[in-house]
Amino acid sequence: MKRTKILAASLAVGAVLAGSVTMATPAEAHPRQRGVQNVIYLLGDGMGRTHVTAGRERFYGAAGRLNMETMPVHGFVRTYSVLENSGQPGQRDFKPNLVTDSASSATAWASGVKTYNAALGVDAKGNVKATAMELAKKAGYRTGNVSTAEITDATPAGQASHVLMRGCQGPTYSAASCQNLDITGTELPTNDIRVTPVAKQIARNGTADVILGGGLARFDAADEKALTAQGYQVLSSPTEQQVATRADLSRARGGKVFGLFNRGNLTVEKAKADNPSAPQAKEPTLAEMTTKAISLLDSSKGRHGKGFYLQVEGALIDKRSHANDAAQTLGEIKAFDDAVKVALDFAKRDGNTLVIVTADHECAGFNIIEKGTFTNAEAANPPVNVDAGNPANNSNPSRPAGNTKDSSRSTGIVNGEGANDPHNFAPATFRTADDPRGVKDGTPEASLWLTYLSGNHTGADVPIYAYGRGSEQLQGTVENTDLFRIVTRALRVA
Amino acid sequence: MSRPHNLTSTLVVTVALLGLTSACAAPQPSEAPVSPAPVSEPASAPQTAPTSRQTPMPGLQTARPSEGQVVLVDGPFNDRFHIDALAFDGARVSGEVVVTSDVSEIIDLQVQVGFHDAQGTLIGTASYDHHGHGHDESDHATHSPEDQPSVAFEIAVPAHLAGAAVSASVGVPVLVNE
């Protein structure tokens with residue numbers, strides 16, 4: 001059975017190469033759809049509802065609004081993924097997985113299918129699925145892929161590659177990181193795109209005209225040669241492993257630009273602010289990369305005067321949420337929201353741009369607790385669960401007493417007096433824009449008390465904000481796979 | 001509140017021998033361009049891609065460890081980890097890779113080991129693969145203690161190299177964190 005799948009896939013290759021697969025033109029597919037010139041899709045990785053609230057209160061006050069919150073359309077996105085070999089929702093073999101990873105989620109909005117955690121650009125049965133960025137590129141749009149993560153990481157890779165396993169990033173292929181025998185049964189030949197490291201694909205497929213982010217260590221000399229041959233201005237040499245800087249970015253010109261500013265993920269804004277003379281402080285901010293990407297993409301229209309499709313990821317919200325570092329998480333929310341402002345200001349000037357701001361999943365159960373209280377992680381026992389007035393409401397097992405703080409698990413505000421205890425589960429506290437001038441972060445007086453449930457993703461729906469023609473489709477609650485349909489129809493490439 | 005870095009993975013160890021011939025003259029991946037991106041819906045078409053054969057790291061081939069010695073060679077991720085307790089006792093190479101860069105989860109890690117003769121010449125290789133999460137959660141219902149940011153490894157000298165292998169070199173060509 002699995003061998004049959006591989007044979008079918010091989011035959012499909014031949015069919016495409018021979019030109020025997022009929023494809024509807026965009027105009028034929030949706031003749032009455034009114035589209036837009038440009039789409040800017042911004043993703044705060046791991047940014048749940050509480051991340052937005054905490055960012056707002058920290059930087060703009062309880063009655064303020066982040067830039068993303070000024071957009072007219074607000075909604076929520078369902079994020080669940082599926083298990084390996086699952087069908088799609090509504091099919092008999094549909095097997096949901098309630099907590100997604102970034103790869104499955106990226107595939108959902110980039111290719112319009114639910115897939116298994118770790119898969120990129122393939123459905124849950126391993127079939128390659130076209131991405132919105134590929135379709136836009138094919139139709140003549142200019143394209144850009146920007147991230148604060150390694151550019152081979154799940155979110156940017158979801159638009160520009162197809163692999164069975166997200167760990168297949170490069171520079172080196174290994175069977176353990178690239179093959180998935182649960183899907184294919186037997187090992188695929190190493191020239192199959194689905195086991196080709198993401199870096200090899202990005203360096204050769206030309207899917208994104210503008211590539212800005214981190215992850216230079218994933219690329220090698222052969223990749224640089226391939227990029228140069230396609231006409232990319234390479235700001236950061238994979239051969240020399242020399243990263244680019246903000247100054248290099250500012251000088252970038254031309255239609256195709258490849259600029260990576262760190263060998264790994266980019267540096268959190270807080271660290272750059274705390275160490276302004278460090279080499280990492282020369283990395284551009286997400287807002288600066290977004291500004292430049294828009295400038296490069298908008299200044300040279302695509303074929304037939306078409307516009308552009310740009311994806312921007314604020315990746316470190318997720319990564320620093322995994323680490324349970326609230327100060328860094330807040331800083332990355334602000335940095336992401338600053339990039340949203342860049343996109344939104346452009347869209348308002350341009351008048352023909354759809355801006356979508358959302359997340360792939362929530363990370364770490366970020367929460368705001370009442371000032372002066374504590375969480376279960378700090379407690380010696382869970383809360384009382386008996387109702388003396390109406391015993392019918394009691395729970396089992398009964399806890400007539402409880403909800404006491406465990407001093408060994410809670411040794412002071414974690415960014416304050418408890419900062420030196422690595423086993424401390426106490427909250428971090430931050431002053432907000434509403435607090436009196438003298439209130440400092442890390443003190444009991446600060447009003448924003450932040451905690452994490454875990455170091456992992458959660459299954460909560462995530463917020464979505466939108467501006468521009470077609471944004472009304474995002475009001476309410478949508479599936480993450482709906483985003484593919486909405487974007488591709490807006491660009492008239494569906 | 002970050003996780004401790006000293007817990008050890010107990011995931012199943014996969015040791016794979018790499019080809020001896022490739023150890024001597026590692027072929028480079030071919031540089032055929034990747035075909036244009038898939039554009040149809042459904043576009044279920046794997047495309048031609050550069051051959052991505054697994055080869056020993058160049059550093060294993062150029063290393064010349066002395067008898068009884070084990071050395072770490074250059075690799076793309078040497079700034080993201082260190083190896084604790086790296087040792088070669090004549091029968092096996094062991095150590096613990098501690099990942100130090102932005103770790104919440106180690107998705108993939110490969111340790112390659114080169115075995116060298118008395119002249120320091122590479123005579124064979126083997127590898128160890130850790131494949132963690134970033135995979136279908138049905139196999140891992142909860143995040144288990146295995147997913148910690150260090151991985152212990154132990155790679156035995158292949159039987160056919162016993163006696164001839166008197167030193168070793170170690171490199172990390174694959175490392176992916178969440």
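Applying the selection to the range A:325-356, what residues are crowded, with 24+ Cβ neighbours inside 10 Å and outside any helix (DSSP H, G or I)? Across the range A:325-356, the qualifying residues are A:THR353, A:LEU354, A:VAL355, A:ILE356.
Checking every residue in the range A:386-405 against the condition of being surrounded by 17 or more Cβ atoms within 10 Å (Cβ to Cβ), under 30 Å from A:VAL52 (Cβ atoms) and touching a residue at least 24 places away in the same chain (Cβ under 8 Å) gives zero matches.
Among the residues of the range B:38-80, those identified as among the small types (Gly, Ala, Ser) and either more than 26 Å from A:ALA203 (Cα to Cα) or at pLDDT 95 or above (or both) are B:GLY59, B:ALA63, B:SER66, B:GLY68, B:GLY75. Within the range A:195-239, the residues that satisfy the criterion of being within 19 Å of A:CYS168 (Cα to Cα), assigned to a loop (DSSP other than H, G, I, E, B) and of a type in the set (S, T, N, Q) are A:THR196, A:THR207.
Matching residues to (1) of a type in the set (A, V, I, L, M); (2) away from chain B (no Cβ under 14 Å); (3) crowded, with 24+ Cβ neighbours inside 10 Å; (4) touching a residue at least 24 places away in the same chain (Cβ under 8 Å):
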{"position": "A:GLU69", "(1), (2), (3), (4)": "no, yes, no, yes"}
{"position": "A:PHE76", "(1), (2), (3), (4)": "no, yes, no, yes"}
{"position": "A:SER86", "(1), (2), (3), (4)": "no, no, no, yes"}
{"position": "A:ASN97", "(1), (2), (3), (4)": "no, no, no, no"}
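If we scan the range A:431-439, do we find a residue that is among the β-branched types (Val, Ile, Thr), crowded, with 18+ Cβ neighbours inside 10 Å, in contact (Cβ under 8 Å) with a residue 24 or more places away in the chain and in contact with an Asp or Glu (Cβ under 9 Å, 6 or more places away or on another chain)? Yes: the range A:431-439 contains one or more residues that are among the β-branched types (Val, Ile, Thr), crowded, with 18+ Cβ neighbours inside 10 Å, in contact (Cβ under 8 Å) with a residue 24 or more places away in the chain and in contact with an Asp or Glu (Cβ under 9 Å, 6 or more places away or on another chain). When residues of the range A:163-186 are filtered for being buried (at least 23 other Cβ atoms within 10 Å of the Cβ), within 7 Å of another protein chain (Cβ to nearest Cβ) and under 11 Å from B:VAL174 (Cα atoms), how many remain? The number of residues fulfilling the criteria is 7. When A:PRO197, A:PRO238 are checked against the criterion of being within 9 Å of chain B (Cβ to nearest Cβ) and not charged (D, E, K, R), a single residue qualifies: A:PRO197.
So, in the range A:440-454, exactly how many residues are surrounded by fewer than 18 Cβ atoms within 10 Å (Cβ to Cβ) and within 14 Å of chain B (Cβ to nearest Cβ)? Qualifying residue count, the range A:440-454: 2.
For the range A:203-235, residues that are β-branched (Val, Ile, Thr) and within 9 Å of another protein chain (Cβ to nearest Cβ) total 1. Of the residues making up the range B:58-80, just one is buried (at least 19 other Cβ atoms within 10 Å of the Cβ), within 12 Å of another protein chain (Cβ to nearest Cβ) and either over 15 Å from the mean Cα position of the chain (by Cα) or not in a loop (DSSP other than H, G, I, E, B) (or both), namely B:ARG80.
If we scan the range A:37-45, do we find a residue that is part of a strand (DSSP E or B), of a type in the set (Ser, Thr, Tyr), surrounded by 22 or more Cβ atoms within 10 Å (Cβ to Cβ) and touching a residue at least 12 places away in the same chain (Cβ under 8 Å)?
Yes, the range A:37-45 contains at least one residue that is part of a strand (DSSP E or B), of a type in the set (Ser, Thr, Tyr), surrounded by 22 or more Cβ atoms within 10 Å (Cβ to Cβ) and touching a residue at least 12 places away in the same chain (Cβ under 8 Å).
Scanning the range B:96-115 for residues that are polar (S, T, N, Q) and part of a strand (DSSP E or B) yields B:GLN110, B:GLN112.
Scan the range A:99-110 for residues that are touching a residue at least 60 places away in the same chain (Cβ under 8 Å) and buried (at least 24 other Cβ atoms within 10 Å of the Cβ) and jot them down. Correct list: A:THR100, A:ASP101, A:SER102, A:ALA103, A:SER105, A:ALA106, A:ALA108, A:TRP109, A:ALA110.
How about the range A:111-149: which of its residues are farther than 16 Å from A:GLN201 by Cα, part of a loop (DSSP other than H, G, I, E, B) and either in contact (Cβ under 8 Å) with a residue 40 or more places away in the chain or among the hydrophobic types (A, V, I, L, M, F, W, C) (or both)? Those that are farther than 16 Å from A:GLN201 by Cα, part of a loop (DSSP other than H, G, I, E, B) and either in contact (Cβ under 8 Å) with a residue 40 or more places away in the chain or among the hydrophobic types (A, V, I, L, M, F, W, C) (or both): A:GLY112, A:VAL113, A:LYS114, A:ALA118, A:ALA124, A:LYS125, A:GLY126, A:ASN127, A:ALA139, A:GLY140, A:TYR141.
Just to check your reading of the model, which residue among A:ALA217, A:ALA154, A:ALA208, A:ALA244 is crowded, with 22+ Cβ neighbours inside 10 Å, more than 29 Å from A:GLY126 (Cα to Cα) and modelled with pLDDT of 95 or more?
Result: A:ALA244 is the single residue among A:ALA217, A:ALA154, A:ALA208, A:ALA244 that is crowded, with 22+ Cβ neighbours inside 10 Å, more than 29 Å from A:GLY126 (Cα to Cα) and modelled with pLDDT of 95 or more.
Within the range A:333-354, residues that are acidic (Asp, Glu) have Cβ atoms under 9 Å from residues that are in a strand (DSSP E or B) in these pairs: A:ASP337/A:GLY44; A:ASP337/A:GLY314; A:ASP337/A:VAL357; A:ASP350/A:ASN38, counting only partners at least 6 apart in sequence or on another chain. Any residue at all in the range A:263-286 that's under 18 Å from the mean Cα position of the chain (by Cα), under 30 Å from A:ARG204 (Cβ atoms) and part of a helix (DSSP H, G or I)? Looking for residues that are under 18 Å from the mean Cα position of the chain (by Cα), under 30 Å from A:ARG204 (Cβ atoms) and part of a helix (DSSP H, G or I), one finds at least one in the range A:263-286, hence yes.
The values are calculated or read from the model by the stated rules, or taken from the named source; none is laboratory data. What you see is a predicted model; the values in this text were computed from it and never measured. Glycine also receives a Cβ, built like all others from the backbone with ideal geometry; neighbour counts cover every protein chain displayed.
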